[in-house]
1. From the phi of every residue in region 41-47, what ³J(HN,Hα) in whole Hz does the Karplus formula 6.51 cos²θ - 1.76 cosθ + 1.60 yield, where θ is phi - 60° and glycine or proline is x?
2. Which whole-Hz ³J(HN,Hα) couplings does region 110-118 yield from phi under the Karplus relation 6.51 cos²θ - 1.76 cosθ + 1.60, θ = phi - 60°, glycine and proline marked x?
3. With θ set to phi - 60°, apply the Karplus curve 6.51 cos²θ - 1.76 cosθ + 1.60 along region 25-36 and write out the HN-Hα couplings as whole Hz, x wherever there is a Gly or Pro.
4. Quick check of the Kirkwood formula: for region 20-62, what is the inverse mean of 1/r over all pairs of different Cα atoms, in Å?
5. Amide H of ILE95: which non-local residues (sequence gap of 5 or more, or other chain) have their own amide H closer than 5 Å, using H built in the peptide plane?
Amino acid sequence: MNTILNQISAGRRRRRTHSAEFKAQVIAACRQPGVSIASVAMANGVNANLARRWVIGAEQGANGGGRLLAGVSCVAQAPAFVPVQLPCAPPMSDIRIELRRGATAISVTWPSAEAAQCAVWMRELLR
């Protein structure tokens, strides 16, 4: 099934060439947050693997390694991590367990620092 509209069907297949501006446009679209490279590639009529290769080439060129695609500029982006201040955690309280079986009710308070021992005790009790 032929999905490329502008492909010449007679004779030998030829490799398509893309301008630097087109590559820069695809790379910029792929770098948008929350956008998949495959969807950008499909929307622009190129293979997702090729678009990914262009993005990797632009990133390597910005980091000084590899070769930069001709005419494609790469701007370093700020880190996506933002420091967040969390409120101080409240002091750990005790574990409180209330068990009822028929008319019998048991209330147990266990130190939270000994939670593993509390779990062992509960397993044995509920057998």
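1. Here the 3J(HN,Hα) series is 4, 5, 5, 9, x, 10, 6 Hz.
2. These are the phi-based 3J(HN,Hα) values: 10, x, 5, 5, 10, 5, 4, 5, 5 Hz.
3. 5, 5, 4, 4, 5, 5, 7, 5, x, x, 10, 8
4. Values: mean 1/r = 0.0995 Å⁻¹.
About 10.1 Å for region 20-62.
5. It is TRP110, SER112, by chain and number.
Only the coordinates and a few stated rules stand behind these numbers; no lab work does. Everything numeric in this text was worked out from a predicted model, so none of it was measured.
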